[in-house]
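K.L.:
Provided herewith is a single structure, encoded as structure tokens, for subsequent inquiry.
Since every read-out is calculated from the coordinates, none of them should be taken as a lab result. As the structure is a prediction and not an experimental result, all values here were calculated from the model. Virtual Cβ from ideal backbone geometry, glycine too; neighbours counted across all protein chains shown.
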Amino acid sequence: MSGTVRLTAAQALVRWMTAQHVEIDGVATRYFAGVWAIFGHGNVAALGEALTGVRDTLPTYRAHSEQG
């Protein structure tokens, strides 16, 4: 077994986002504190599923359009 991890594009993107850190004044912190989403636009099924899997480390905030 090679240890290969198979991910969708959305899962790979979300995994990459959760791995990013920045150091400010000697303190390392996450680069992405969370994401805003307007579900119903774009690749919602795959991205939504990927975000659900990491909701403890990368919270998703639901944005609304001007219609509601």
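K.L.:
Summing +1 for each Lys or Arg and -1 for each Asp or Glu, what net charge is found among the other residues whose Cβ lies under 14 Å from the Cβ of Val54?
P.N.:
+1
K.L.:
Given the rule -39500 (n - 2.57) for each run of at least 4 DSSP H residues, summed and divided by the residues of the chain, what is its mean residue ellipticity at 222 nm, to the nearest 500 deg cm²/dmol?
P.N.:
Theoretical 222 nm ellipticity from helices: -9000 deg cm²/dmol.
K.L.:
While we're here: Can you tell me the relative contact order of the stretch 9-62? Whole percent, Cα pairs under 8 Å, sequence separation 6 or more.
P.N.:
Once divided by the residue count of the stretch 9-62, the mean separation gives 40 percent.
K.L.:
Between Ala12 and Tyr61, what length in nm is gained on full extension when 0.36 nm per residue of separation is reduced by their alpha carbon distance?
P.N.:
That works out to 15.7 nm of additional length.
K.L.:
For the stretch 9-62, compute Rg over Rh where Rg is the Cα radius of gyration and Rh is the Kirkwood radius from the inverse mean 1/r over Cα pairs.
P.N.:
Radius of gyration over Kirkwood radius for the stretch 9-62 works out to 1.03.
K.L.:
Any idea which of Ala28, Thr4, Ile38 is furthest toward the positive side of the dipole for the chain, if Lys and Arg beta-carbons carry +1 and Asp and Glu beta-carbons -1?
P.N.:
Of the candidates, Thr4 comes out farthest on the positive side.
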